[in-house]
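The values are calculated or read from the model by the stated rules, or taken from the named source; none is laboratory data. Please read all numbers here as calculations on a predicted model, not as lab measurements. Here the Cβ positions follow ideal geometry from the backbone for every residue, glycine too, while neighbour counts run over all protein chains shown.
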Amino acid sequence: MPGLLSSPLCLTFIWFLSWSLHPSRARIQADEVSDVQYKPLESNVTLACGKSQNRIPVVWHLNNSSVLPWHKVTSDGRLVLLNVDQSAQGDYSCYDGSGLLLHSVSLRLGYPPGELEISCQVPNHTHVRCSWMESVKTFLPAEYSAFIWGNVKDRKLCEVDVANNHCDVDHLAFWQTIHTLEITETNALGSWTTYSRFRLHELLKPNPPESVVAEEQEDSPKKLIVSWNNPTSWPLHDSFPLLFQIRYRPQGSKYWSEIYSEDSKVVIFDALAGHLHQVQVRARDEVNSGSRWSEWTPTVLVKPWEAPSTPDPTEEPDEFPDYIFPFSTKPETSTAKSHNSKHEDEGNLGLVILLVLFSVFILTTVLSLIFVVWMRQRRQEHATIQELTSMVKMKSMPI
Ligand SMILES: *[C@@H]1O[C@H](CO)[C@@H](O)[C@H](O)[C@H]1NC(C)=O
Ligand SMILES: *[C@@H]1O[C@H](CO)[C@@H](O)[C@H](O)[C@H]1NC(C)=O
Ligand SMILES: *[C@@H]1O[C@H](CO)[C@@H](O)[C@H](O)[C@H]1NC(C)=O
């Protein structure tokens, strides 16, 4: 069936069907019947003064005031409002020359509906909720009708909640490859149908686990026990098992340690003794690895057990550099644990290079100082020898 559904012929058929089902964007004309008129913004709006062609001249008022927006009055007494904006909304009434009320009408302005932005949430295998937002703000009250199907023959109604802009549907054929949601928005100025196609199993995203509890274990300064419940929106029986991911770190550390579990309880063996830890849990459908992880649960804080009076001398509970954590790790329980020691190595190497460079610098400076001093001395000696010889020469000259 999925193969058939995705065949080009079938897709063309679906396209044709949805095209022919697409409601025409017919205007619902409220003009004649009711005394509320809906008109598009930025258009020219004509309001008739009832059927009183013979009683001219007439006078128009808006909200009982004679101040009107940009307008003209035709020879037969109709009011034409030009290029209306929001401020032209209100109650219009027309009077004859003697001040008698002939007709009144209430004007509401907006836009016809446009494309909707749709997103669907799938918290378990039986329930789908789709929400939407107007991409064009219409300013007018609207009605929605929504249908969803995997196979065109099984169109199901998606129950609309107008106040919250979403619809709910239960018990869809979950493993059908692609589902289509069709939402038609209708207001007084027209209607528009939006289609959205998706794979339910890719949207499947459980709610976060609930009632997370993290506890210390007596006499075990590195152990923590974490337990939680399935989200209540996930069925409890075993046909839809959840996979859980638990992450924890000492408060202040940048790096999380992670554990995966199919049970709703884990024991952490490598907590940092004496430190407060942050713990979070999330869940995913275990069978369907293409589905989404839930959000993380709110952070739970827990401190491993500490001996009451004699603190462990090897630990320094007040301060720890980030790169020391985590120490020992249980190999099968964790991922992402190696970057810390690498950091440490890099830090040490940098320090050694810096020290070597510094000593070379000092050595060079000292050597050049010694060289300069020695050169000076040699020059001075040379000068005194020259002076002496010239004096000797002068003395030996005849006067
Ligand atoms: C509205 O009427 C004015 C004046 O008659 C005209 O210039 C304008 O093009 C009309 N606008 C629309 C949207 O019909
Ligand atoms: C007329 O009254 C309506 C409410 O009835 C209001 O929304 C509108 O802004 C008013 N218009 C003017 C021009 O005062
Ligand atoms: C699926 O989720 C919906 C919405 O949270 C909930 O009302 C429904 O009971 C859940 N179904 C099952 C079988 O738990």
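For region 143-166, filtering for residues that are aliphatic (A, V, I, L, M) and exposed (fewer than 15 other Cβ atoms within 10 Å of the Cβ) leaves 4.
Output the residue which, of all residues in region 188-215 that are in contact with a Gly (Cβ under 7 Å, 6 or more places away or on another chain) and crowded, with 16+ Cβ neighbours inside 10 Å, is modelled with the lowest pLDDT. Here the residue is HIS201. Scanning region 75-91 for residues that are surrounded by 12 or more Cβ atoms within 10 Å (Cβ to Cβ) and modelled with pLDDT under 85, which turns out farthest from the chain's Cα centre (by Cα)? Of everything passing the filter in region 75-91, ASP76 is farthest from the chain's Cα centre (by Cα). Here is the figure for region 257-298: residues that are assigned to a loop (DSSP other than H, G, I, E, B), β-branched (Val, Ile, Thr) and surrounded by 15 or more Cβ atoms within 10 Å (Cβ to Cβ) total 1.
Yes or no: region 122-142 includes at least one residue that is of a type in the set (Ser, Thr, Tyr) and buried (at least 19 other Cβ atoms within 10 Å of the Cβ). There is at least one residue in region 122-142 that is of a type in the set (Ser, Thr, Tyr) and buried (at least 19 other Cβ atoms within 10 Å of the Cβ). The condition of being away from ligand 3 (no atom under 14 Å from the Cβ) and acidic (Asp, Glu) holds for only one of GLU134, GLU159, that being GLU134. Residues in region 165-176 include at least one that is more than 26 Å from the chain's Cα centre (by Cα), without any contact (Cβ under 8 Å) to a residue 40 or more places away in the chain and outside any strand (DSSP E or B).
Residue by residue through region 148-164, note down the ones that are more than 27 Å from the chain's Cα centre (by Cα) and outside any helix (DSSP H, G or I). Talk me through it step by step, then tell me what you get.
To start, the set of residues in region 148-164 that are more than 27 Å from the chain's Cα centre (by Cα) comprises 149-157.
Answer for region 148-164, where residues must be more than 27 Å from the chain's Cα centre (by Cα) and outside any helix (DSSP H, G or I): TRP149, GLY150, ASN151, ARG155, LYS156, LEU157.
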